[in-house]
Amino acid sequence: MKTTRRDFIKISSIGLGSLAVATPVVNYITGNSNDNPLSGTGKISRHANYCEVCFWNCAGWVYKNEEGKIWKIIGNENDPHSNGRFCPRGTGGIGMYEDDDRLKKPLMRVGKPESQEYKEISWTEAFDHIAAKMKEIGQKYGNESIALFKHGSSSKHFGHLISAFGSSNQAGPAYAQCKGPREEAFTLTFGEPLHSPEPLDIRDSKCLVLIGSHLGENMHNGQVQEMSEAIDKGISIITVDPRFSTVASKSKFWLPIKPATDNALLLAWINVIINENLYDKDYIEKLSVGFDKLKEHVQQFTPEWAYGITTIEPNIIRETAREMAKAAPAVIVHPGRHATWYGDDTQRLRAIAILNALLGSWGRRGGFYMAASAKLPKFSSPAYPKPKWGWKDINPEKYPFANEGVTNLIIDGSHPDYKGVNKIKAWFVLGTNLPVSIPDTKRTIEAIQNQEFIVVIDTMPTEITGYADIVLPECTYIERYDDLRVLPHREPNIALRVPAFEPRFESKPAWWMAKEIANRLGLGDYFNYKDYSDVLDWQLKQIGSSLDEMKNLGVKKFDREFDDLYFAEGETPEFGTTSGKIELYSEELASYGFPPLPVYKPMPEPETGFYRLIYGRSPVHTFSRTTNNPRLTELQKENKLWVNPKVAKEWDFKDDQEIWLQNQDGIVSEFSIKVRITERIRWDSVYMVHGFGHKDKRLTRGFGKGISDAELITKVLIDPESGGTGMRSNFVTFVTENPGKEVVS
Amino acid sequence: MKEELIISGRMNPNIDPVLHLWHWEIPVYLFLGGLAAGLLFFAAFYVIRDEKDRFPTAVKIAPILAPIAIIIGLIALFLDLKHKLFFWRLYTVIRLESPMSWGAWVLMIITPLSFMWVGGFLKEVFPKIDLKKGFSSKLLKLVFKESEGEVNWKWKYNFLETFEKFIIFRRKELAWVILFYSLILGVYTGILLSAFNARPLWNTAILGPIFLVSGFSTAAASIMWMSKLPEEKKWFSKIDIMLIIIELFFILHLFMGFLAGPQVQVDAAALFWGGQFTVYFGLFVVILGLIMPAIFEVMELSGIHVHISIPAFLILFGGLIFRFVMVEAGQITRYLY
Amino acid sequence: MRYAMAIDTKKCVGCSDCVVACQTENNIPLGYARDWVTETINGVYPSLQLEFRSERCNHCDNTPCVRTCPTGASHVIEGGIVKVTHEKCIGCGACIQSCPYDARYSSPEGWVDKCTFCDHRLKDGQNPACVEVCPTHCMYFGDLDDSNSPVSKVMANRKWKVLAPEAGTSPQIFYLI
Ligand SMILES: Nc1nc2c(c(=O)[nH]1)N[C@H]1C(S)=C(S)[C@@H](COP(=O)(O)OP(=O)(O)OC[C@H]3O[C@@H](n4cnc5c(=O)[nH]c(N)nc54)[C@H](O)[C@@H]3O)O[C@H]1N2
Ligand SMILES: Nc1nc2c(c(=O)[nH]1)N[C@H]1C(S)=C(S)[C@@H](COP(=O)(O)OP(=O)(O)OC[C@H]3O[C@@H](n4cnc5c(=O)[nH]c(N)nc54)[C@H](O)[C@@H]3O)O[C@H]1N2
Ligand code: SF4
Ligand code: SF4
Ligand code: SF4
Ligand code: SF4
Ligand code: SF4
Ligand SMILES: [Mo]
């Protein structure tokens, strides 16, 4: 199917007259190789974009070859997220575009709601149907009963649509399944969340403490690059992970902690740092409140106490605490990103925030810098109608500190067992694969079955599309305009996405879909443009640039308004907390009956024969979205189950033996997984990469390859402060014989 | 525990997870090349020594197999090429450092020589050819025509008649040339593998002599099998026993060399010693292909009758398996991972 | 001039970006690769060592692959880069058998292919694609004869090793340890 560049040169030169025809013939005879991919007569072009394979959103260039086909995608040198270098997923991102398994046409379910049969329909039919359904459901239950599950840049357009329609029920897995507890813990402590990319000054740091954060496998580009730069400068890394992660192997200290006991270690560290007077006295005195209470509180949490819980020796705990203090304030106790682990996550992240405060790293070079964003004017659009209720009202008692939509709360409101009045009756799902991303899939599906209407906007036929009444095929980021990327960084900056190609098949950009649906709902005023490029051009002109300029630049940086990347010497900055100070002790938490100072709570343990299921990232994949990508499945086509040799011996496992997993609730994995016997994992746990084991046969590369951690995560420990869904208290045992489950077709 | 993995990238067909680029074609080619070299060598040798009537099978009949073996071998080699239409590139350069290159050239030379050799004896060996009936006669008529006399055919073209006369007249000189090139051919098929130092199993100087001796031994076995004269049979039987003993001796040296070598070679040897090739090598090559035929031939020589086809077949079969085993196993052995 | 590469195992995270970048840059057909990544683990939990290595043709000084090539398709160009001229290659596999690193493969079209050090990029003064993409900046490329090249500079200050030195090929990819 793919013609190589060399073929092309031969083919194209035939069209160029006799002289050119002769060249390949001459080459054939003289053996002059022409394997230089850049030579040739055609024109190579490049098109600005920012990567959508994960939410680091690195800016780069999509290259077209002389044939006008996609060639490669390369980072933009001026982009602070990528510094001109994409991660493997970004580099292989062109596979998203190339994938022939993509959704090609709008689909409508035929027959019963549980049927898996779809017919292709036209875009007009799809939009007419959707608009009619929205009106009908809006009339029956109120416009608020329509919710949007979203992830990714193009979800803004549908967010805009449902807001215009009168619903504020939007949520994404990036909060309650990801960084929710972290954002709230930092807001409670420092008065602001960390956002993305996290304002970590890793490149100038002298000590980096990673609690689980598996940089190098977690390929968040800027962080990996800065960590590497810091390694060159001799940074000392302390990694706390029950698994010998990639970064553990680069660390001065690897603390092979017993899973689920991090809070004990953190408290012991705080204990040592306070009791050995290693904390930043001046900083704490001037900028924080509650130190005395904290000091008193942590007296009980000695390293000896923590040893019994974490299996980390007291002298190591002391030594690492001193290592951090030695580097302070150029030290980062990394806040992590996927923070929803054990349901006490706000508490863990509070301990991390407090530790950073004690070390004085917030607002300091080599610690946390003060990020700044570019300011873009809003494209004019009428004010949104005010909804009568929102997601918080589904269950007002729950998750008082959640500041963003909680997916699982919306699922609660959608579930047949919901007793409240604020019911969700229809879903839009864009760019998130809910059955795989939200734990307790069974409950998600029950909520889905309870809906009157579901629209899924996706690029691929993933699990979630199988539950839709209407499936809308979105084109990939390589084929569409989206909003400018405006994310905080050291320097304010913006990045542009332009389509490098016409959308393949009949796929379309989300902005167009949202606009077409809005027109049918009489909400056309909210989408007052012909093409999304009009919006971008207008916005850019307001800030002294233009679409044309940005097409050439890709990324534009702006000066910071103030010289406040770090706190100035002697400055007493004000924090966004109620007290205006760093809150070591949180009155706010106390007022809701939560521990105002971090605590350690013992977690459930596996029974004999069971192992804790832990999961993480592969550097070459992003969740379930890349596990059918032709470029990236090439690098890794399945996940394997990491098993310690001791355990393997007990079970008489061989490398690559196929086994099935059964969890504590009797759920057996649908597919088998190959065993990888490795010392890199503890004997009480097993490990796998999230995102594999696709169940849709239309995913020709991903179907049945490895297994999905999500299907085994049926026990969810919810973080009561933020609503984050802790997923690491699931235990599995091995099934060596095929449990004979029929594969659903 | 030590774990060593290729985590991405390398799943190149025929290379990964282990090299398996060369399949049946190369061992067959090496076998036939060695056989042809041996046959031509013996034929030329006894012409030079003026013993052509003492060993008529070796000189006149058995060499008929040589061009056939070479042609089949070349077909096998051609099949092995992955970029076949470019095979002619072989004949645009001579690269003395590359055995493949000079091997190709030797074959280029020795193929017509072997035809000449066989052609020069054709009237002696086949005085009567049926050119009257059947499909085969149509083919034969492309080069032969009917004639009168003791020999009932002539070459179709007169220049071939002239050329034949020339060959017969200059047979000794031709024998010298063939002797030279058959040795080169033998050496070439022998050292082809050992030129690839990258495979620990092949990275030994003794492999060439082993293949050379083994090729000659298969040739001797063929002659002894085809011969009807008891004296010739016996003589080649003796030659064969001698070659087998030399070969066994070389094989012993080969393994001693491996065991004294670096770890990769110890590992290579292990493939034959309790490894996956033990049965093939130990049973088929050493016992059935060398020791048993030697015993049978000694028995025959000392008067206990064993049908000559048995040792002859065993030697040929053993020789073929030997090449298969060496090519397969060699590709498995490696320096890394 | 002597092109060479030094790869810092202390920084490489085994992410395989170098592999996919090579594949896109050089139009490598799906299912084939010029470079690859290995992972080596030694020890017993929890005292473990782990090394990632990005590997490719070593552009050896002593090139058995070029020696054994019967057609001259495999050859050495300026700077010691070992290349294959596809139109001269008959696909005999001699070079593949000669390479102790299994760095060559037989392309679907039949000719043999391997890392070229991206010589087409070098002409434009760019680094090889893998070097240029590596998110940990752990690969250094340049001319060993020039003491100011990135590769010379980093090698002057660090300990290094090569792979399978006993194979005698004098490889020119150096692993900083
Ligand atoms: N390549 C790649 N990179 C990605 C992504 C991707 O999909 N692919 N996704 C991005 C996103 S959205 C996120 S949120 C981040 C997530 O990346 P991180 O925030 O780094 O993820 P973690 O939750 O820390 O989870 C992984 C690590 O936690 C360890 N772990 C498990 N249990 C415990 C425990 O009890 N204690 C401790 N200390 N460690 C434990 C695991 O062994 C593993 O090494 O990655 C981002 N980067
Ligand atoms: N079991 C388990 N669950 C987890 C995690 C885990 O590690 N383990 N990680 C959690 C974390 S940290 C996060 S951030 C979330 C991530 O959760 P999700 O973002 O839901 O992750 P994906 O599985 O990648 O699903 C993305 C979906 O978007 C589609 N898609 C990709 N690009 C586009 C596009 O351009 N347009 C549209 N319309 N669709 C697109 C994909 O085809 C896919 O169906 O998952 C969380 N859930
Ligand atoms: S980190 Fe990688 S996948 Fe994520 S946006 Fe950047 S290049 Fe794309
Ligand atoms: S891109 Fe760099 S860090 Fe990643 S595997 Fe290759 S050499 Fe290592
Ligand atoms: S690594 Fe292999 S292919 Fe490359 S030069 Fe060395 S021997 Fe030749
Ligand atoms: S496969 Fe090609 S490059 Fe390799 S030795 Fe044969 S002709 Fe030369
Ligand atoms: S130097 Fe070029 S050809 Fe060689 S591995 Fe790197 S990217 Fe591939
Ligand atoms: Mo996430």
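Quick grid of which residues meet (1) within 16 Å of ligand 4 (Cβ to nearest atom); (2) away from every other protein chain (no Cβ under 13 Å); (3) of a type outside the set (D, E, K, R):
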{"site": "A:ILE44", "(1), (2), (3)": "no, no, yes"}
{"site": "A:ALA48", "(1), (2), (3)": "no, yes, yes"}
{"site": "A:ALA59", "(1), (2), (3)": "no, yes, yes"}
{"site": "A:LYS64", "(1), (2), (3)": "no, no, no"}
{"site": "A:TRP71", "(1), (2), (3)": "no, no, yes"}
{"site": "A:HIS81", "(1), (2), (3)": "no, no, yes"}
{"site": "A:GLY84", "(1), (2), (3)": "yes, no, yes"}
{"site": "A:ARG89", "(1), (2), (3)": "yes, no, no"}
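For the stretch C:100-146, the tally of residues that are farther than 29 Å from A:GLU217 by Cβ, without any contact (Cβ under 8 Å) to a residue 24 or more places away in the chain and within 14 Å of chain B (Cβ to nearest Cβ) stands at 3. Screening the stretch A:185-203 for residues that are in contact with a Leu (Cβ under 8 Å, 6 or more places away or on another chain) and under 30 Å from A:PRO385 (Cα atoms) and picking the one that is farthest from ligand 6 (Cβ to nearest atom) gives A:HIS195. Residues in the stretch C:127-177 that are among the polar types (S, T, N, Q) and in contact with a Cys (Cβ under 7 Å, 6 or more places away or on another chain) were compared, and the one that is nearest to C:CYS95 (Cα to Cα) is C:THR169.
The residues of the stretch A:74-94 that are within 9 Å of ligand 3 (Cβ to nearest atom) and in a strand (DSSP E or B) amount to a single one, A:GLY75. Those helices (runs of 4 or more DSSP H) of the stretch B:65-172 in which at least 2 residues are loosely packed, with under 15 Cβ neighbours inside 10 Å, in contact (Cβ under 8 Å) with a residue 12 or more places away in the chain and more than 14 Å from chain C (Cβ to nearest Cβ), considering only elements entirely within it, cover B:99-125, B:158-169.
Take the conditions buried (at least 24 other Cβ atoms within 10 Å of the Cβ), of a type in the set (S, T, N, Q) and away from ligand 3 (no atom under 16 Å from the Cβ) and apply them to C:GLN126. Does it pass? Considered against the rule, which asks whether it is buried (at least 24 other Cβ atoms within 10 Å of the Cβ), of a type in the set (S, T, N, Q) and away from ligand 3 (no atom under 16 Å from the Cβ), C:GLN126 comes out as no.
In a residue-by-residue description of the stretch A:189-197, the property of being in contact with a His (Cβ under 8 Å, 6 or more places away or on another chain) and either in contact (Cβ under 8 Å) with a residue 24 or more places away in the chain or part of a loop (DSSP other than H, G, I, E, B) (or both) applies to at least one position. The sole residue among C:ALA21, C:ALA33 that is buried (at least 24 other Cβ atoms within 10 Å of the Cβ) and more than 10 Å from chain B (Cβ to nearest Cβ) is C:ALA21.
Restricting attention to the stretch C:153-166 and to residues that are touching a Phe, Trp or Tyr at 6+ places or on another chain (Cβ under 9 Å) and not basic (Lys, Arg), the residue that is nearest to ligand 7 (Cβ to nearest atom) turns out to be C:LEU163. Please specify each residue of the stretch A:225-259 satisfying the condition of being in contact with a Lys or Arg (Cβ under 9 Å, 6 or more places away or on another chain) and within 16 Å of ligand 2 (Cβ to nearest atom). Correct list: A:PRO242, A:ARG243, A:SER245, A:PRO259.
Taking the criterion of being within 12 Å of ligand 3 (Cβ to nearest atom) and not aromatic (Phe, Trp, Tyr), the residues of the stretch A:45-73 that qualify are A:ASN49, A:CYS51, A:GLU52, A:VAL53, A:CYS54, A:ASN57, A:CYS58, A:ALA59, A:GLY60, A:ILE73. Applying the set (1) within 16 Å of ligand 7 (Cβ to nearest atom); (2) surrounded by fewer than 24 Cβ atoms within 10 Å (Cβ to Cβ); (3) facing chain B (nearest Cβ under 8 Å); (4) polar (S, T, N, Q) to C:ASN27 leaves exactly one unmet item: (3).
Here the condition is being free of Cβ contacts under 8 Å to residues at least 24 places away in the same chain and either surrounded by 20 or more Cβ atoms within 10 Å (Cβ to Cβ) or of a type in the set (Val, Ile, Thr) (or both); of B:VAL213, B:VAL177, B:VAL279, it holds for B:VAL279 alone. On inspection, A:GLU583 passes the criterion of being away from ligand 2 (no atom under 16 Å from the Cβ), within 30 Å of A:TRP269 (Cα to Cα) and under 29 Å from the mean Cα position of the chain (by Cα). Residues that are within 20 Å of the chain's Cα centre (by Cα) number at least 2 in the following helices (runs of 4 or more DSSP H) confined to the stretch B:200-309: B:207-226, B:230-259, B:292-301.
If we scan the stretch C:86-97, do we find a residue that is within 8 Å of another protein chain (Cβ to nearest Cβ), part of a loop (DSSP other than H, G, I, E, B) and in contact with a Cys (Cβ under 9 Å, 6 or more places away or on another chain)? Yes, there is a match, as at least one residue in the stretch C:86-97 is within 8 Å of another protein chain (Cβ to nearest Cβ), part of a loop (DSSP other than H, G, I, E, B) and in contact with a Cys (Cβ under 9 Å, 6 or more places away or on another chain). Between A:ILE478, A:ILE411, the distinction of being within 14 Å of another protein chain (Cβ to nearest Cβ), assigned to a helix (DSSP H, G or I), more than 16 Å from ligand 6 (Cβ to nearest atom) and closer than 28 Å to A:GLU52 by Cα belongs to A:ILE478 only.
Yes/no per residue for (1) out of contact with any Pro (no Cβ under 8 Å at 6 or more places or on another chain); (2) part of a helix (DSSP H, G or I); (3) assigned by TED's automatic domain parsing to the domain that holds A:ALA185:
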| position | (1), (2), (3) |
| --- | --- |
| A:ILE237 | yes, no, yes |
| A:GLU285 | yes, yes, yes |
| A:ASP292 | yes, yes, yes |
| A:GLU296 | yes, yes, yes |
| A:ARG318 | no, yes, yes |
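The values are calculated or read from the model by the stated rules, or taken from the named source; none is laboratory data. Just so we're clear, the structure is a prediction, and the values are computed from it rather than from any experiment. Glycine also receives a Cβ, built like all others from the backbone with ideal geometry; neighbour counts cover every protein chain displayed.
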